[in-house]
Amino acid sequence: MKKIIFIFLITLASSFLNSCVEEDYFGASSYGNIKEILVSNQAGNAIILTDSLLVKVEIPGGVDLTQITLETLEISSFAYADKSVGDVLNLQENQMIVVTAEDGSVHPWTIEAIVASETPQLSNGDLNQWYLTSSNYYEPGSDANTTIWGTGNQGTQILGDLATFPENLGSGNLAAKLITLDLGPLAGTFGTPIAAGSLFTGYFNPDNIEISDPEAAIEFGTPFAARPTKLRFKYQYTPGPENEDQDGNPLNYGDACDIYALLEIRQSGNIQRLATAWFRSDAEQGSLTTQEVDFIYGELDASYPAYMFPENGIFVSDDLAQFGLSTHITFVASSSFDGAHFAGAVDSELIIDDIELVYE
């Protein structure tokens, strides 16, 4: 899977900024929040309502609600909960997770299951919602806690520039604009001359920083349970004039945009590819146009290009390809297809809008 780019000095700085504890306090902490939760068969991001101590999780119809496993639980610093990863919840009725803060205060959280749509869409797929970050730039979503979208801006904004930002199309309609940036001579000395604009489902995780592999800090994907037949979106693309490799050498082919969605089944730390929808184009597209790409379920044969194959090489079985539901979806858009290797054309520009999943 193609990954998003951060130069390592930028990543370290971003890691430092993001590792600060948000729940500042003096003395014993009174915070007893659920900050992240994931259960088995969850169909979308959990809705966490801190004011009412309520969590809503979407579960597809037909799933046995008596055997729902707690797969991820992140709570406030220094707090502890009466449930832990691996515990089984009976969500036929509302369940309770009690979080006890460092100061001993008790916070009883209600966990409620709601039936997921059989034809779900990506939240904020029309890209009309953008929130202002504490660093004074915009990211897609209504707020940082609920958005399913991430970008590479945490890196490039430290240099005073952004590679992904909202584009006003008029009449209240916003889109995402992605551009490939020249990071300057200092970045070039570290072999990171450019940064491709990026938009993806997932988030930046500063706990996974590795100096030798800054891309490891990106957690791709969001919970999603469905079987769409097509990926549909609107896009406009202009490749930059000079496509170059990581060392600044001219390449004998032009830049191209990448837009793709991957349906995955994730279980017990293992990832299997269920379906692939991939669009890569080096052609200039001067105005927004609608593009549809079929989801290909199951293993890809040798007629497909290598970049469409999963990095771990693992596809689902034939039976799952025919009938299985995904557990996650990874969507990625980039202004330079080979930005993961710091290759691309400066000023390549991609506008993307109205990302939809088609069911037939």
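The values are calculated or read from the model by the stated rules, or taken from the named source; none is laboratory data. Note that the coordinates shown come from a computational prediction; the quantities given were computed from them, not determined experimentally. Heads up, the Cβs are rebuilt from the backbone with ideal geometry, glycines too, and the neighbour counts pull from every protein chain shown. We work out accessible area using only protein heavy atoms, side chains counted, and drop any ligands, DNA or RNA first. Shrake-Rupley method; radii C 1.70, N 1.55, O 1.52, S 1.80 Å.
Computed extension gain for Asn252 through Thr119, at 0.36 nm per residue and net of the alpha carbon distance, reaches 43.6 nm.
Kindly state, to the nearest 0.05, the FRET efficiency for Asp64 paired with Ser281, given R0 = 56 Å and r defined as their beta-carbon distance. So the FRET efficiency works out to roughly 0.80. The label-point distance for Glu36 and Asp161, in a model that sets each label 7 Å from Cα toward Cβ, rounds to 3.0 nm.
Using a 1.4 Å probe over the heavy atoms of the protein chains, calculate the carbon and sulfur portion of the accessible area of the chain as a whole percent. Write out the running numbers ahead of the final one.
Values: 8050 of 16890 Å².
Within the chain, the accessible surface is 48 percent carbon and sulfur.
Please check: in the Gaussian network model of the chain (C-alpha springs, under 10 Å), which one of Leu127, Leu159, Leu178 has the largest mean-square fluctuation. Residue with maximal mean-square fluctuation among Leu127, Leu159, Leu178: Leu159. Estimated at the nearest 10 Å², the accessible area of Phe165 is 60 Å² with a 1.4 Å probe. Distance from the alpha carbon centroid of segment 141-161 to that of segment 66-104 works out to 29 angstrom.
Cα extents for the chain along the principal axes, largest to smallest and rounded to whole angstrom: 62, 52, 44. Here each label is just a point 7 Å from Cα along the line to Cβ, and for Asn90 and Arg232 those points are 4.3 nm apart.
With the cut-off at under 19 Å, measuring from each backbone N in segment 60-91 to a point 7 Å along the Cα-to-Cβ line of Gln267 picks out 60-72, 86-89.
Beta bridges per DSSP, both residues in segment 246-357: antiparallel share near 95 percent.
Accessible area per residue for the chain is 47 Å², calculated with a 1.4 Å probe on protein heavy atoms, without ligands, DNA or RNA.
Suppose the chain between Asn145 and Thr290 were pulled fully straight at 0.36 nm per residue; how much longer would it get relative to their current alpha carbon spacing?
Full extension from Asn145 to Thr290 adds 49.2 nm.
To the nearest 0.05, what FRET efficiency results for Asn128 and Ala302 with a Förster distance of 35 Å applied to their C-beta separation?
The formula returns an efficiency of 0.30 here.
The candidates Thr146, Thr72, arranged from most to least accessible area with a 1.4 Å probe in the full protein assembly, appear as Thr146, Thr72.
The helix-only estimate of mean residue ellipticity at 222 nm for the chain, built from DSSP H runs of length n ≥ 4 each weighted as -39500 (n - 2.57), is -2000 deg cm²/dmol after division by the residue total.
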